[in-house]
1. Being assigned to a strand (DSSP E or B) and either modelled with pLDDT of 90 or more or over 13 Å from the mean Cα position of the chain (by Cα) (or both) is the requirement here; does P14 meet it?
2. Would you please name the residue that is farthest from L75 (Cα to Cα), looking only at residues in segment 31-57 that are outside any strand (DSSP E or B) and at pLDDT 95 or above?
3. Of the residues in segment 56-67, how many are in contact (Cβ under 8 Å) with a residue 12 or more places away in the chain and either farther than 23 Å from P14 by Cα or exposed (fewer than 12 other Cβ atoms within 10 Å of the Cβ) (or both)?
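The values are calculated or read from the model by the stated rules, or taken from the named source; none is laboratory data. Only a predicted model underlies this, so the values are computations on that prediction, with no experimental measurement involved. A quick note on method: Cβ atoms are made from the backbone with ideal geometry, for glycine too, and the neighbour counts reach across all protein chains shown.
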Amino acid sequence: MLVEGKDYYLTVDPKSSNPDDWSVILAGSWDRVVGRYRDITIKGEALSFSFEPQYVPEGIDLETKEFETYLGFVLNSILETHHEKKAMVYVSKETGETIPYE
């Protein structure tokens with residue numbers, strides 16, 4: 001599992017007026033890439049999302065399968081870590097209702 005504060009960093013989304021919105025700063029091969037996850041959906045074991053880059057250093061290619069895979073690992077780590085802390089709120093896209101922790 002990746003580690004927040006080492007492999008990636010979470011920060012308040014600088015492009016949002018909502019203080020609950022966040023962005024991720026990546027480390028490693030995609031050092032200093034900043035972006036935000038959108039349209040996160042969890043259905044059973046399947047995780048889907050889109051990623052909106054906000055800053056990409058010159059010379060870094062985001063159009064690779066490796067980058068897409070890495071984004072999945074980062075998001076999985078974020079979800080697991082914050083679920084364990086009970087720091088996330090899950091909301092049903094169908095009903096808008098909050099889904100309790102299990």
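1. No: the conditions fail for P14.
2. My answer is P57.
3. The initial filter retains those residues of segment 56-67 that are in contact (Cβ under 8 Å) with a residue 12 or more places away in the chain, namely 56-57, 60, 62, 66-67.
Those still in the list that are either farther than 23 Å from P14 by Cα or exposed (fewer than 12 other Cβ atoms within 10 Å of the Cβ) (or both) too: 57, 66.
Summing the residues that are in contact (Cβ under 8 Å) with a residue 12 or more places away in the chain and either farther than 23 Å from P14 by Cα or exposed (fewer than 12 other Cβ atoms within 10 Å of the Cβ) (or both) in segment 56-67 gives 2.
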